[in-house]
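Working notes, structure below.
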Amino acid sequence: MNGKLEFERDGRDWPNREASRFVSAAGIRWHVQIMGSGPEVLLVHGTGASSHSYGELAQILAQAFTVIVPDLPGHAFTELPPASRLSLPTMSADLGELLQVLKLKPVITVGHSAGAAILIEMCLDRLIAPDAVISLNGALLPFGSVAGQFFSPLAKLLVLNPFIPKFLSWRASSDRAVGRLIENTGSRLDPEDIARYARLFQSEDHVAAALGMMAGWDLAAFEKRLGGLKARLILVVGGGDRAISPDDAFKVRDRIPKAELVLLRHLGHLAHEERPEEVAEIVLKAAHPHLAAAAALGG
């Protein structure tokens, strides 16, 4: 069990390690991977995950794009900020500052689960102006009324107790326990992928960051702003997702004029890890005008 992960120790076999760099922005030290060349594509992971979840997808996309994959604040190898900086608006602003430091302006953005909400928030706050936001099983609506009222106060109590992240990281110290958690999302991963998640969950900082996001996010306020999104929104939905109801994507589509839905029938919450090549095709299709323009300039 570790307070925080160390890249030289815990990241020795991290996917795409050669693309990793550490950058200071918004008062924290970020781990970010940048690879490939061409139009810029930003990939943002969800709560409790990390850049590793895009390992294979990033490799595929790097054949045509400059791919940017950060670890969110407190996750994996990015420094844990104060709990007050784990709200949706603050995390979005801090990620925007990271992009400014890197001098990168993504034309396509891809967000998994809570990562999709971060990208939409960044668009609404004019921190980025991509042509498209691709939401992979996006966490874009509040939990059900009873659960939502219970969950956020509970998460606040948990994150304020310094013993809880230590206890939870100890409880999640086995691959078997983590494997059960992932199965409950409707996805099936290889043993080495499960082992990486287990390594993440053994970190007290990583667990504290995940709890802090759960406690600090106000998705009810976010939901009211969804209709203001100007970028094209592509809602990619795993039909077997047990973590977020696929029905949520249909509700979101009805509220956003430019939204469209792509159903991946037999995949779960981690669809991009189960079938990265299918998700890559969706990204390539969305970015076709930029790839055609880049090819024309190259010619």
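Below is a table of values for the structure above.
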{"read-out": "Answer residue from segment 27-62, given it is buried (at least 24 other Cβ atoms within 10 Å of the Cβ) and small (Gly, Ala, Ser) and is farthest from Gly138 (Cα to Cα) among those", "value": "Ala58"}
{"read-out": "Scan of segment 183-215 for residues that are closer than 26 Å to Pro142 by Cα, outside any loop (DSSP other than H, G, I, E, B) and small (Gly, Ala, Ser), ordered by number", "value": "Ala208, Ala209, Ala210, Gly212, Ala215"}
{"read-out": "Some residue of segment 74-84 being polar (S, T, N, Q), under 28 Å from Arg253 (Cβ atoms) and in contact (Cβ under 8 Å) with a residue 12 or more places away in the chain", "value": "no"}
{"read-out": "Residue in segment 212-222 that is in contact with a Pro (Cβ under 8 Å, 6 or more places away or on another chain) and modelled with pLDDT under 95 present", "value": "yes"}
{"read-out": "Some residue of segment 276-289 being of a type in the set (Lys, Arg), touching a helix residue (DSSP H, G or I) at 6+ places or on another chain (Cβ under 7 Å) and part of a helix (DSSP H, G or I)", "value": "no"}
{"read-out": "Long-range neighbours under 9 Å by Cβ, at least six apart or interchain, first residue more than 17 Å from Ala177 (Cα to Cα) within segment 200-214, second of a type in the set (Phe, Trp, Tyr)", "value": "Ala210/Phe201; Met214/Phe151"}
{"read-out": "Residue match in segment 192-211 (condition: at pLDDT 60 or above, polar (S, T, N, Q) and surrounded by fewer than 17 Cβ atoms within 10 Å (Cβ to Cβ))", "value": "no"}
{"read-out": "Some residue of segment 11-25 being of a type in the set (Asp, Glu), modelled with pLDDT of 95 or more, out of contact with any Cys (no Cβ under 9 Å at 6 or more places or on another chain) and buried (at least 18 other Cβ atoms within 10 Å of the Cβ)", "value": "no"}
{"read-out": "Positions within segment 193-251 being of a type in the set (D, E, K, R) and under 23 Å from Leu267 (Cβ atoms), in sequence order", "value": "Asp193, Arg196, Arg232, Asp241, Arg242, Asp247, Asp248, Lys251"}
{"read-out": "Segment 250-270, subset in a helix (DSSP H, G or I) and in contact with a helix residue (DSSP H, G or I) (Cβ under 7 Å, 6 or more places away or on another chain), residue surrounded by the most Cβ atoms within 10 Å (Cβ to Cβ)", "value": "Val252"}
{"read-out": "Every residue from segment 122-143 that is more than 18 Å from Glu40 (Cβ to Cβ) and crowded, with 21+ Cβ neighbours inside 10 Å", "value": "Ser135, Leu136, Asn137, Gly138, Ala139, Leu140, Leu141"}
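The values are calculated or read from the model by the stated rules, or taken from the named source; none is laboratory data. Since the model is a prediction, treat every value here as computed from it, not as a measurement. Neighbour counts run over all protein chains shown; Cβ positions are idealised from the backbone, glycine included.
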